[in-house]
Amino acid sequence: MTYAVECRNISKSFGKNIALSDINLNLEKDKIYGLLGRNGAGKSTLLNIVTAQLFPSSGEVRIFGEAPYENDRALGHICIVKESGMFLKDVKVGDALDIASSFYANWDNNLAERLLREFELDRKKYYKNLSLGMKSQLGIIVGLASRAPITIFDEPYIGLDAAGRQLFYDALIDDYMENPRTIILSTHLIDEVSNLLEEVIILHKGTVKLEGNSEDIKNKAFYISGIKDRVENHITGKKVLSKEEFGKTLAVAIFDNISEKEKRVMEADDLTISNVPLQQLFIYLTGGRMIKRGDINE
Amino acid sequence: MKIPLDENKLIYMQIAEAIEDAVISGELNEGDQVYSTNQFARLYGINPATAAKGINLLVEEGILYKKRGIGMFVAEGARNMIIGKRKTKFIEDYIYKLIREAEKLNISKEELIDIIKAYEGGNK
């Protein structure tokens with residue numbers, strides 16, 4: 001099977017600073033990936049390596065099976081939208097779109113025009129005169145209209161308000177359904193995007209902390225609470241992410257398989273069980289408030 | 001406008017339950033076509049693969065069936081299947097919980113039965 005993006009043993013250091021260490025990832029064609037990580041986790045470094053804007057210190061990248069460096073065909077498959085703008089200052093919005101349209105083989109001008117209207121972006125405005133939010137909108141329009149087989153959004157919404165972000169998410173899902181492609185959303189707004197993701201990659205301190213199908217991951221992350229002794233009893237041998245006690249009550253977050261039968265037994269013991277939202281799981285895994293922590297490396 | 005989902009539950013389970021609810025309430029009859037994966041994805045603002053997972057769960061259980069090239073349909077006998085499945089879950093999720101809660105409050109089984117008998121729906 002040829003993967004859309006393959007990272008083989010990628011490491012990257014800047015001087016003594018290790019940004020990425022031994023990253024191995026296989027991204028499948030036509031799926032939406034969430035690349036999640038705290039600030040400084042290495043997300044942008046990894047994306048810059050994938051898009052051949054940066055060389056890894058060691059390891060290899062493959063784009064649809066080919067090395068991307070000085071390879072126009074491989075790079076022609078990719079569109080990356082970054083939070084820091086991408087256009088020349090003295091270019092109008094309309095011209096920027098014209099320039100972008102010449103880069104991408106699958107460019108859809110109708111989609112670009114429609115999004116321009118939805119975002120109410122003035123095509124005659126100069127890029128330098130756009131607000132931060134408008135610059136983000138332009139980036140988003142280019143990313144979606146490019147229809148590139150691998151489209152990467154690296155924190156694309158600086159300055160964009162909640163309504164503007166929702167417009168982006170809706171447009172993304174709509175167009176993805178008509179034109180499936182590999183999409184990588186790098187973000188820390190996890191609660192907003194979690195429902196859009198099919199696959200999740202959590203990067204932490206330059207390594208892959210967790211990787212997998214987002215629903216499968218959620219199906220292993222549970223809150224369990226109840227009377228302390230009973231909770232302790234039922235979680236013996238399970239991977240515990242966090243424990244919190246108040247009085248005789250104990251609330252734990254665990255990351256492990258719990259069968260339906262186990263759930264029934266727990267409920268009969270008056271324990272409350274629910275799934276942990278992705279955002280909360282992310283916080284547990286990347287060192288938020290943590291009382292006791294199991295070793296998670298999936 | 002998106003229909004909100006419960007973030008503490010699996011999304012695909014919620015999709016499957018929404019379809020089941022529609023069959024139980026009669027909104028969807030046996031033989032009716034079900035919303036497509038894409039319609040669900042748009043309606044809830046979710047990944048289409050997740051919506052497909054919910055639909056496929058019901059296909060595996062025989063509640064829905066696929067007509068190639070056309071879409072998903074409610075199978076004959078689906079309503080009874082769902083009701084049968086829900087009854088088991090109802091006893092576990094509601095009745096047992098009710099009894100345990102009543103025990104905590106020192107409500108005897110007889111009292112509980114009286115309350116159930118006296119209930120006539122609405123505000124009683």
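Details
- Filter pass, A:Arg62 being at pLDDT below 95, buried (at least 16 other Cβ atoms within 10 Å of the Cβ) and of a type outside the set (A, V, I, L, M): no
- Residue in the stretch A:169-188 that is surrounded by fewer than 20 Cβ atoms within 10 Å (Cβ to Cβ), within 14 Å of another protein chain (Cβ to nearest Cβ) and out of contact with any Lys or Arg (no Cβ under 9 Å at 6 or more places or on another chain) present: yes
- Residue within the stretch B:14-31 that is closer than 26 Å to A:Lys29 by Cα, within 11 Å of chain A (Cβ to nearest Cβ) and in a loop (DSSP other than H, G, I, E, B) present: no
- Filtering A:Thr236, A:Thr187 for residues that are closer than 25 Å to A:Ile63 by Cα and at pLDDT below 95 leaves a single hit, A:Thr187.
- Some residue of the stretch A:147-157 being over 23 Å from A:Glu6 (Cβ atoms), in contact with a helix residue (DSSP H, G or I) (Cβ under 7 Å, 6 or more places away or on another chain) and away from chain B (no Cβ under 14 Å): yes
- Enumeration of residues in the stretch A:194-230 that are part of a helix (DSSP H, G or I), touching a residue at least 12 places away in the same chain (Cβ under 8 Å) and either within 13 Å of the chain's Cα centre (by Cα) or within 11 Å of chain B (Cβ to nearest Cβ) (or both): A:Ser194, A:Leu196, A:Ser214, A:Ile217, A:Lys218
- Of all residues in the stretch A:215-258, exactly one satisfies the criterion of being within 12 Å of A:Val276 (Cβ to Cβ), surrounded by fewer than 17 Cβ atoms within 10 Å (Cβ to Cβ) and charged (D, E, K, R), namely A:Asp256.
- Checking each residue in the stretch B:75-90 for being surrounded by 12 or more Cβ atoms within 10 Å (Cβ to Cβ) and within 14 Å of chain A (Cβ to nearest Cβ) picks out B:Lys85, B:Phe90.
- Filtered residues of the stretch B:38-79 (kept if closer than 16 Å to B:Leu5 by Cα and in contact with a Pro (Cβ under 7 Å, 6 or more places away or on another chain)): B:Ala41
- So B:Asp93, is it more than 14 Å from chain A (Cβ to nearest Cβ), out of contact with any helix residue (DSSP H, G or I) (no Cβ under 7 Å at 6 or more places or on another chain) and more than 24 Å from A:Asn179 (Cα to Cα): no
- Of all residues in the stretch A:273-287 being more than 11 Å from chain B (Cβ to nearest Cβ) and assigned to a loop (DSSP other than H, G, I, E, B), the one that is surrounded by the fewest Cβ atoms within 10 Å (Cβ to Cβ): A:Gly287
- If only residues of the stretch A:19-42 that are modelled with pLDDT under 95 and either aliphatic (A, V, I, L, M) or not in a loop (DSSP other than H, G, I, E, B) (or both) are counted, the one that is farthest from A:Pro156 (Cα to Cα) is A:Ala41.
- Per-region count, the stretch A:89-131, residues part of a helix (DSSP H, G or I) and surrounded by fewer than 19 Cβ atoms within 10 Å (Cβ to Cβ): 15
- Residues that are touching a helix residue (DSSP H, G or I) at 6+ places or on another chain (Cβ under 7 Å) and not charged (D, E, K, R), drawn from the stretch B:15-33: B:Ile15, B:Ala16, B:Ile19, B:Val23, B:Ile24, B:Leu28
- Odd one out for B:Tyr35 among (1) among the aromatic types (Phe, Trp, Tyr); (2) part of a helix (DSSP H, G or I); (3) surrounded by 14 or more Cβ atoms within 10 Å (Cβ to Cβ): (2)
- The residues of the stretch A:1-43 that are surrounded by fewer than 22 Cβ atoms within 10 Å (Cβ to Cβ), over 22 Å from A:Gly65 (Cβ atoms) and either not assigned by TED's automatic domain parsing to the domain that holds A:Thr187 or not aliphatic (A, V, I, L, M) (or both), listed by number, are A:Ser13, A:Phe14, A:Gly15, A:Lys16, A:Asn17, A:Ser21, A:Arg38, A:Asn39, A:Gly40.
- Only residues that are under 24 Å from A:Lys128 (Cα atoms), under 19 Å from the mean Cα position of the chain (by Cα) and among the aliphatic types (A, V, I, L, M) were counted across the stretch A:43-97, and they come to 2.
- In the stretch B:32-56, the residues that are among the hydroxyl-bearing types (Ser, Thr, Tyr), within 20 Å of B:Ala75 (Cα to Cα) and within 10 Å of another protein chain (Cβ to nearest Cβ): B:Ser36, B:Thr37
- Residue within the stretch B:44-63 that is on the phi > 0 side of the Ramachandran plot, crowded, with 17+ Cβ neighbours inside 10 Å and not in a helix (DSSP H, G or I) present: yes
The values are calculated or read from the model by the stated rules, or taken from the named source; none is laboratory data. These numbers were taken from a predicted model, which means no experiment stands behind them. Positions of Cβ are generated from backbone atoms using ideal geometry, with glycine treated the same way; all protein chains shown enter the neighbour counts.
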